[in-house]
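Everything on this sheet refers to the single structure shown next.
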Number of protein chains: 2
Amino acid sequence: MSKLINFGAGPAALPEEVLNEAAIAVKDYKGSGLSILEIPHRGHLFLDLLTEANALVLELLQLNEEYKVIWMQGGGRLQFCMLPLNFLKSIAGYIDSGHWAAEAMAQANLYGNTKIIASSKDKNYKFIPPVTAIPEAYDYIHFTTNNTIFGTQLQEIPQATAPLIADMSSEILSRAFDYSKFKLIYAVAQKNLGAAGVTLAVVHQSLLATEVRPLPDILSYQAMARQNSLVNTPPVFGIYTSLLMLRWIKTKGLNKLFDQNKEKAKLLYQSIDNHPKFYGVADPGSRSSMNVCFRLEAEEDNKRFLDFCLNRNITGIKGHRSVGGFRASIYNAISPEDVNHLVQAIQDFE
Amino acid sequence: MSKLINFGAGPAALPEEVLNEAAIAVKDYKGSGLSILEIPHRGHLFLDLLTEANALVLELLQLNEEYKVIWMQGGGRLQFCMLPLNFLKSIAGYIDSGHWAAEAMAQANLYGNTKIIASSKDKNYKFIPPVTAIPEAYDYIHFTTNNTIFGTQLQEIPQATAPLIADMSSEILSRAFDYSKFKLIYAVAQKNLGAAGVTLAVVHQSLLATEVRPLPDILSYQAMARQNSLVNTPPVFGIYTSLLMLRWIKTKGLNKLFDQNKEKAKLLYQSIDNHPKFYGVADPGSRSSMNVCFRLEAEEDNKRFLDFCLNRNITGIKGHRSVGGFRASIYNAISPEDVNHLVQAIQDFE
């Protein structure tokens with residue numbers, strides 16, 4: 001089968017250059033006589049690539065060295081646990097903007113007190129709930145800045161004294177954003193940043209000063225930062241694939257990529273808005289530039305549209321099982337041409 | 001550089017066939033038009049490979065369907081935490097047979113009471129401490145069946161009523177073993193079973209019946225088993241690489257592979273025992289067939305021997321930083337020819 005255009009929400013499409021380089025490294029890493037799967041994690045081959053990846057993360061996020069870069073395993077769900085374990089003393093605030101935001105809070109409830117600061121749950125998460133005021137005394141405030149399932153995205157970062165923490169799994173490095181407004185940012189790699197099996201966290205040192213409770217190193221941001229992600233054998237191949245993505249992003253040029261992502265989303269939303277049979281799910285003011293969720297007025301045609309797309313080598317556009325409809329994830333690796341292909345399919349669908 | 005013979009303790013050598021197939025899949029998985037890094041984890045492409053991997057694990061370990069196969073992230077260290085979190089009610093027993101065994105117990109001490117059942121710490125872990133009697137009332141007894149750093153290996157499984165749990169990270173599927181004596185077996189993949197970033201656990205259903213405390217799904221064996229390892233996005237590439245290793249082991253033939261491993265270890269220990277300048281570290285009765293730890297009488301020659309070996313394309317034989325000397329890890333992927341190469345180097349070293 002020829003190459004499919006993969007609009008899946010994650011594991012998501014990766015650039016062909018990245019896949020080719022990763023494949024070469026699986027056979028032999030940099031002419032070392034060893035596969036990337038075989039190199040020792042305490043040797044210079046790995047430490048060099050880790051150093052480069054750490055530096056590129058800070059450079060591209062435009063953060064200074066007050067932030068520590070950590071590579072972990074366990075996905076978003078382990079982060080959901082680690083946040084309260086590491087930082088929840090009295091109370092933490094959660095912005096209830098979607099399924100994953102609610103899951104993050106549910107995990108925190110196992111370890112301490114939380115409060116919903118704002119919610120759009122009763123409107124089926126169609127928009128990012130506006131945050132009016134954040135009490136100072138909170139240990140942290142948790143945001144999911146992009147809600148993959150509902151196709152909404154935080155447009156403006158609220159003012160707050162409490163440390164802001166953001167799950168940016170499905171949008172990191174996809175748009176111009178003042179990352180320094182957050183004290184901790186985390187993201188699974190399998191959307192904009194590589195392959196499933198590695199999670200990036202960038203943590204301001206102010207959060208690493210004290211530990212709320214005794215923790216095993218593997219669940220402690222402090223220990224992970226102190227040991228440069230080497231508390232145990234790291235997911236070497238996953239970190240390497242993320243490094244390839246970081247290099248690719250840098251080569252593309254941040255601003256060019258951000259503009260491209262904006263343009264991609266605009267074209268796709270236009271084609272949906274202009275089509276008599278399709279409609280967008282999210283409120284226009286909260287629309288995500290990464291996950292475009294849309295539906296057919298006549299749901300009985302859903303299967304026909306999926307088949308219609310697959311005939312044009314388009315895959316991954318089925319909506320999340322909890323909401324149905326369609327979702328096109330247009331992460332960094334999705335080119336304007338890929339989006340045009342989907343736009344054409346939407347226009348051509350009767 | 002030509003292909004190195006990698007005696008590293010992990011990430012360890014993988015068979016060339018496995019590396020080649022993994023590299024192909026990174027570009028295109030089974031002609032699907034998607035990379036193995038891009039396939040959706042709830043689609044048939046992934047579910048089919050997961051089903052095959054689960055079945056092969058049970059078949060090769062010769063375990064029945066009372067055991068559940070779980071694929072996780074976080075390495076041995078996350079298992080060290082999950083064991084007490086999931087199973088420790090009143091007290092757990094630990095066999096203190098080496099560095100990782102002690103680490104496992106240290107993590108358990110964060111969550112409850114433990115007791116050392118046997119220890120060889122005061123003899124620098126030169127042997128597997130004999131276990132004479134195990135009290136019935138223990139929640140579980142933890143073994144590290146192969147001690148990578150000290151080159152020792154459990155020879156006989158003690159009788160016990162309490163559930164036995166084994167860290168088999170550096171020996172799983174390397175020798176004939178009655179795996180059914182254990183109620184839970186876990187192993188990181190990067191030694192005998194694939195690449196870093198995935199951990200296998202095989203759990204008897206009797207351990208999954210109750211939960212000792214409320215746990216987030218990502219830290220619960222019960223939830224992981226119930227959801228067939230899909231509590232969240234699994235490390236797809238890591239599981240696939242393990243599947244390739246499982247297939248490779250099956251094709252080689254279990255018994256043939258086990259005999260080969262025994263023979264490899266025998267040859268290597270003989271060359272060390274017969275050499276006037278080298279000596280083995282572990283007591284002969286506890287010697288590991290996977291990690292052969294040895295030293296030079298004249299430690300000032302260490303560097304010269306490492307260089308001597310590297311000149312013959314031999315790498316990864318430096319001992320663990322905590323003990324020094326040399327360590328040759330001769331996991332499944334290390335062929336008899338590879339071992340002969342090292343034997344020859346030892347013999348030729350002046």
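Values in this text are rule-based calculations from the coordinates and carry no lab data. Note that the coordinates shown come from a computational prediction; the quantities given were computed from them, not determined experimentally. Here Cβ is always computed from backbone atoms with ideal geometry, including for glycine, and neighbour counts include all displayed protein chains.
Summarising the amide proton neighbourhood of B:Arg327: residues at separation of 5 or more, or on other chains, whose placed amide H is nearer than 5 Å comprise B:Phe294, B:Lys318, B:Gly319. Scaled against 2.2 N^0.38 Å for its residue count N, the alpha carbon radius of gyration of the range B:201-281 is 1.77.
Building the convex hull from the alpha-carbon atoms of the range A:254-348 and averaging its projection over directions returns 6.1 nm².
For the range B:87-187, state which GluC sites (Glu not before Pro) are in a DSSP loop and have at most 15 other beta carbons lying within 10 Å of their beta carbon.
Details: sites: B:Glu103, B:Glu136, B:Glu156, B:Glu171; in loops: B:Glu136, B:Glu156, B:Glu171.
Within the range B:87-187, the qualifying GluC sites (Glu not before Pro) (loop, at most 15 other Cβ atoms within 10 Å) are B:Glu136, B:Glu156.
Across peptide A:237-247, the average count of Cβ atoms from other chains found within 10 Å of a residue's Cβ is 2. Separation of the range B:125-197 from the range A:119-184 is 45 Å, based on Cα centroids. Computed from backbone phi with θ = phi - 60° and the Karplus coefficients 6.51, -1.76 and 1.60, the 3J(HN,Hα) list for the range A:219-225 is 10, 10, 4, 4, 5, 5, 5 Hz; x is used for glycine and proline.
3J(HN,Hα) along the range B:152-160: 10, 9, 4, 9, 9, 7, x, 6, 6 Hz, from the Karplus curve 6.51 cos²θ - 1.76 cosθ + 1.60 with θ = phi - 60°, whole Hz, x for Gly and Pro.
Per residue, how much space in cubic angstrom lies within the convex hull of the C-alpha atoms of the protein assembly as shown? Walk me through the numbers on the way to the answer.
On the way: hull volume 106.2 nm³, N = 700.
Enclosed volume per residue, from the Cα hull, is 152 Å³.
The calculated 222 nm mean residue ellipticity attributable to helices in the protein assembly as shown amounts to -11000 deg cm²/dmol, summing -39500 (n - 2.57) over DSSP H runs of n ≥ 4 and dividing by all residues. Per residue of B:227-234, other chain Cβ atoms within 10 Å of the residue Cβ number 4 on average. Residues whose amide H comes within less than 5 Å of that of B:Ile117, counting only those at least five positions distant or on another chain, are B:Tyr94, B:Ile95, B:Asp96 (H built at 1.01 Å from N in the peptide plane). Taken residue by residue and averaged, Cβ atoms of other chains lying within 10 Å of the Cβ of A:9-19 number 4. Overall, the protein assembly as shown carries a charge dipole of about 360 debye about its Cα centre when +1 sits on the Cβ of Lys and Arg and -1 on the Cβ of Asp and Glu, all other atoms neutral. The value of relative contact order for chain B, using C-alpha pairs under 8 Å at least six residues apart, is 23 percent. Taking B:Val202, B:Val212, B:Val69 in turn, the Gaussian network model of chain B (Cα-Cα springs below 10 Å) assigns the largest fluctuation to B:Val212. Between copies, B:Gly285 shows label-point distances of 7.8 nm, shortest first, with the point placed 7 angstrom from Cα along Cα to C-beta. Descending by average beta-carbon neighbour count within 10 Å, the peptides A:38-49, B:246-257, A:322-333, B:187-198 line up as B:187-198, A:322-333, A:38-49, B:246-257, the highest first. Relative to the other identical copies, B:Asn124 shows label-point distances of 7.0 nm, where the label point lies 7 Å from Cα along the Cβ direction and values run shortest first.
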